[in-house]
Every structure is written in C-alpha cells, then in structure tokens.
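S.K.: Questions regarding the structure given below will be posed in turn.
Read the figures in this text as sums done on the coordinates, not as results from a lab. It should be emphasised that the depicted structure is a prediction, and the values quoted were computed from it without experimental measurement. Using ideal geometry, Cβ is built from the backbone for each residue, glycine included, and neighbour counts are taken over all protein chains shown.
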Amino acid sequence: MTIRSIALGLAAAAALSVPASAAGLVNGGFETGDLTGWSFSDGFVQVVTSADDAIQTPPFGEHFTPTGGAFFAQLTAGVDVGTYSLLSQDFTVSGSAKVSGDAAFLAFDSAPFNDDAYVRIFNSATNEVVFASDVLTVGDFGHTDWTHFTSGLLSAGTYTLEAGVKNDPGGEGDNSASSELLVDSLSVATTGGVPEPSSWMLLIVGFGGLGTMLRRRRPAAQAG
C-alpha cells in the first residue's frame, strides 16, 4: 500500500462523512413572480413587491418590501371565518438540515377578533411552529416587523412547510377585516453532522496505515 493510495482512501472516507444534501424548496423566495412550486388557497395568496399595514393615516404605518430579491408572498385571511388561508410545500431532506425564512403579521382587526398567523414545519413525528403572532400580541391594527426564523435540527425525512392566517370569529362572526401574513426568503440548508460508523472505520484504518508506512520509511531515510 502506497502513501498515495492511503491518501485517496482517506479522501473517500472524508467524502462519505459529509452529510447528504437537502432537497431545497422550490421558489422559496418567490422570484418567479408567482406561486410556482406551492400549494395555496386560491384567491387569498399572492406574490407582491410591497405591502402596508392597517394604519393609513398620519403618522402612517409600516411599508414592507422583500427581505431578498424582488418579491414575497402575501396571505390574506378570509377563506371563511375561523378557517386559515394556507400556503404550503412538501420537501425532503436526506441528512441533518434546518429551515429558515422571514415572516411578518399585519393585524387588520381589533379585539375581541383575535386574528392569528403562523409558520410551521411538520410531518408525522414533528410539528414545530417557527413563527406565530395574533391581534392580542401586536395590539389592535398592529403588526410585527419582518421576523427571521430558523427551525430546530431536522433529521432525514419528508416534511411540509406551511403558513397560515385566519379571521377569528370573536364570538360574533367576522370576515370583513382580513389580517395578513407575509413570508419571504424561505430555504432549507444542510448542517454539519457526525460521520457514519462505516466512515469512521475507514478513517481509522486509513490513518493507521499511513502511520505504519511513515514508521517504515523513517529507518530507511536515516540509513541513507
């Protein structure tokens, strides 16, 4: 066994120890200018270049622009009272990964109508809410700023990324003042992981062989 062959073996083992790549979200930044890749409540989700909160008189409110690129998604409550307007996409990861993105809640309502919004990642074993807000949190006709979120560590598997916003019945029924959820820059990224046992074995054998080869070469060099 030559040093070169050992080095090649080590390189192969190192490559095997790298986590498998994640299948990224399709159109996570909505830069197609539409909802390609997403499932959504028709008529209540659109792609926009800007949005404004409920304060339309001086001193005026917040003007929202994309956190990246030129577009973002705007979800408007109103499918039905107490029913969420939804935006979702399934994705698969084959190694450790995290989901990140930006969201903002714009309340176009006041108590007791507690409209709410959320972003979550879920499958049969996981249900992680990465963003949530409501009227009681932001105040009457209030809003959050763009809020960046990052999920916890996801293991290999298939997940759904889902965003939703709804009108709260408030005890009377309310479907006229429709709050909004904005989302942008949604992505899936792999994270560093621990090598598989088989990869560790290749690394140990490779380093052991390299050490033996170097010990054998040292006396020969000294004799010369």
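S.K.: Could you tell me the convex hull volume per residue, in Å³, taken over the Cα atoms of the stretch 23-190?
M.R.: Expressed per residue, the convex hull around the Cα atoms of the stretch 23-190 is 108 Å³.
S.K.: Now, a different point. Starting with the highest mean, order 107-114, 40-47 by the number of other Cβ atoms within 10 Å, averaged over the residues of each peptide.
M.R.: Going by the mean number of other Cβ atoms within 10 Å, highest first, we get 107-114, 40-47.
S.K.: Around Val130, which amide H atoms from residues at least 5 apart in sequence, or from another chain, sit under 5 Å from its own amide H, with H modelled in the peptide plane?
M.R.: The answer is Val119, Arg120, Ile121.
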